[in-house]
Amino acid sequence: MEYAMLPQTRDSLSHILNHYSCFRDTRKQHGLPDQPMIVGISGCQGSGKTTLCDTLTYLLKREPYHLRVVNFSLDDVYLTHEDQVKLSQRYPNNKLYQQRGQAGSHDLRLATETLKSLILNQTSVAIPAYDKSLFDGQGDRLSEKEWKHVSGPFDIVLFEGWMLGFKSLQNQSLEAIYQSKQDKDTFKSLKFEDINMLNESLKQYEAELYPYFDIFIHLSPLDIQQVYQWRLEQEEYMKSTRGVTGLSKEAVKKFVDTYMPAYELYLPQLDKSLFDGLDRKQAEDYKKINRHLKIVLDKERKVVRSDILPDKTKELKINRQYLNWNFSNRRLLIVGCVLFIGFMGYRRQKIFDTVLHYYRKSK
């Protein structure tokens with residue numbers, strides 16, 4: 001490139017291109033029709049994931065790649081403001097659901113239908129859009145006539161979201177973590193059933209949304225407290241560049257407070273690998289391993305390190321196969337040794353006489 005590229009952009013671009021080549025080859029080898037590779041991109045609010053997606057889209061479309069790329073966000077499929085109000089009224093005592101953001105506040109049917117349309121390379125696909133500045137920063141989904149339309153075929157789809165990759169915890173683990181964090185302000189006002197509702201809602205994302213991802217990129221904070229600064233900078237930038245009203249500094253802190261329980265519960269698991277135990281939704285599974293790229297950022301959004309996380313599901317499968325093979329062969333080896341020793345004991349005199357005979361003959 002003729003200009004400097006941020007490390008997170010460079011690493012993400014390399015990750016996508018390496019897998020895209022294998023993705024296309026795999027489909028050709030199996031005689032499968034062309035379809036886009038789906039890239040899931042996750043990152044805390046204000047981490048720069050939207051900017052990363054926009055930059056990647058620009059780079060992949062131009063020389064030397066000339067790829068057909070479309071990107072959209074999990075934010076674009078938030079519930080409408082009206083439906084969000086209804087959700088908050090349905091659970092008036094659960095502080096996690098008094099505003100948009102948490103698992104359960106998205107229209108997953110709209111998200112999956114959009115992904116399906118892109119995968120099928122339809123000639124015209126409507127991409128939902130959401131405006132966070134409406135209703136004094138509470139936000140609302142735009143009407144369909146304001147959505148953007150893209151035309152297939154497509155090579156790559158970038159789909160980003162702040163909580164993409166979060167996966168539910170077993171009830172025992174969830175309760176143990178909840179109890180261990182009771183001294184934190186963000187947990188003190190929450191009952192276990194509030195957290196459990198969030199945990200149950202995540203199961204639908206795992207079952208219906210995540211299986212579409214062929215590869216994954218995760219912008220991970222070095223310190224989770226960085227999110228407060230990042231989200232405030234994001235809000236101030238939106239207000240200054242668009243001339244719209246938004247959240248105040250105090251409102252931003254209160255807003256981020258409601259996200260902190262989810263970060264503390266689910267980020268540690270995501271930092272290990274999204275594809276641990278995740279099944280594909282399509283029959284034509286892209287099976288290449290090392291699909292998860294984790295990029296750790298400091299408070300200035302500078303890259304501390306980049307790690308390619310192995311596909312643990314496949315590693316465990318391989319290890320299990322090895323252990324089964326190893327156990328079976330050890331058993332055969334033991335049986336063989338016992339038989340051999342028994343045979344040697346039974347024929348020991350004849351063997352000894354034969355060895356002695358050849359020894360004397362050689363002299």
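The values are calculated or read from the model by the stated rules, or taken from the named source; none is laboratory data. All values reported here derive from a predicted model rather than from experimental measurement. Here the Cβ is made from the backbone with ideal geometry for all residues, glycine too, and neighbour counts use every protein chain on show. Quick note on the areas: whole protein, heavy atoms, side chains included, nothing else; ligands and nucleic acids left out. Shrake-Rupley method; radii C 1.70, N 1.55, O 1.52, S 1.80 Å.
Which residue is surrounded by the most Cβ atoms within 10 Å (Cβ to Cβ), if the candidates are limited to region 15-51 and must be of a type in the set (Ser, Thr, Tyr) and within 21 Å of residue 231 (Cα to Cα)? Give the steps one after another, and end with the answer.
Taking region 15-51 first, the residues of a type in the set (Ser, Thr, Tyr) are 20-21, 26, 42, 47, 50-51.
Now drop any that are not within 21 Å of residue 231 (Cα to Cα), which leaves 42, 47, 50-51.
Values: 42: 26, 47: 24, 50: 18, 51: 13.
The residue in question is 42.
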Residues (at pLDDT 85 or above and in contact with a strand residue (DSSP E or B) (Cβ under 9 Å, 6 or more places away or on another chain)) located in region 232-276: 263, 267, 270, 271, 272
Meets criteria (acidic (Asp, Glu) and closer than 29 Å to residue 309 by Cα) for residue 83: no
With the condition kept exactly as written, say whether any residue in region 52-74 is open to solvent by 10 Å² or more (accessible area, probe 1.4 Å), in a helix (DSSP H, G or I) and modelled with pLDDT under 95. no
Going through region 19-43 in order, the residues found to be of a type in the set (S, T, N, Q) and either under 23 Å from residue 72 (Cβ atoms) or touching a Phe, Trp or Tyr at 6+ places or on another chain (Cβ under 7 Å) (or both) are 26, 35, 42
Hey, residue 102 hits all of (1) touching a Ser or Thr at 6+ places or on another chain (Cβ under 9 Å); (2) under 29 Å from residue 267 (Cβ atoms); (3) open to solvent by 10 Å² or more (accessible area, probe 1.4 Å) but one; which does it fall short on? (3)
Spot the failing condition for residue 89; the list is (1) outside any loop (DSSP other than H, G, I, E, B); (2) surrounded by 15 or more Cβ atoms within 10 Å (Cβ to Cβ), and only one is missed. (2)
Of 136, 155, which residue is over 30 Å from residue 34 (Cα atoms) and more than 18 Å from the chain's Cα centre (by Cα)? 136
When the residues of region 2-32 are narrowed to those that are more than 16 Å from residue 64 (Cβ to Cβ) and in a loop (DSSP other than H, G, I, E, B), which ends up modelled with the lowest pLDDT? 4
Residue count for region 10-23, restricted to those that are touching a residue at least 12 places away in the same chain (Cβ under 8 Å) and over 19 Å from the mean Cα position of the chain (by Cα): 1
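Out of the residues in region 216-250 meeting the condition of being aliphatic (A, V, I, L, M) and out of contact with any helix residue (DSSP H, G or I) (no Cβ under 9 Å at 6 or more places or on another chain), tell me which one is most open to solvent (accessible area, probe 1.4 Å). Give the derivation first.
Going residue by residue through region 216-250, those that are aliphatic (A, V, I, L, M) are 217, 219, 222, 224, 227, 232, 238, 244, 247.
Those still in the list that are out of contact with any helix residue (DSSP H, G or I) (no Cβ under 9 Å at 6 or more places or on another chain) too: 222, 238.
Numbers: 222: 100, 238: 27 Å².
Across region 216-250, the extreme among qualifying residues is 222.
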Out of the residues in region 114-138 that are farther than 10 Å from residue 72 by Cβ and of a type in the set (Gly, Ala, Ser), which is modelled with the lowest pLDDT? 137
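Every residue, every condition in (1) farther than 24 Å from residue 114 by Cα; (2) free of Cβ contacts under 8 Å to residues at least 24 places away in the same chain, yes or no:
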residue	(1), (2)
199	yes, no
206	no, no
210	no, no
214	no, no
218	no, no
233	yes, no
237	yes, yes
243	yes, yes
248	yes, yes
Residue check for residue 213: under 23 Å from the mean Cα position of the chain (by Cα) and farther than 26 Å from residue 137 by Cα: yes
With respect to residue 162, determine if the residue is closer than 18 Å to residue 49 by Cα, touching a Phe, Trp or Tyr at 6+ places or on another chain (Cβ under 8 Å) and not aliphatic (A, V, I, L, M). yes
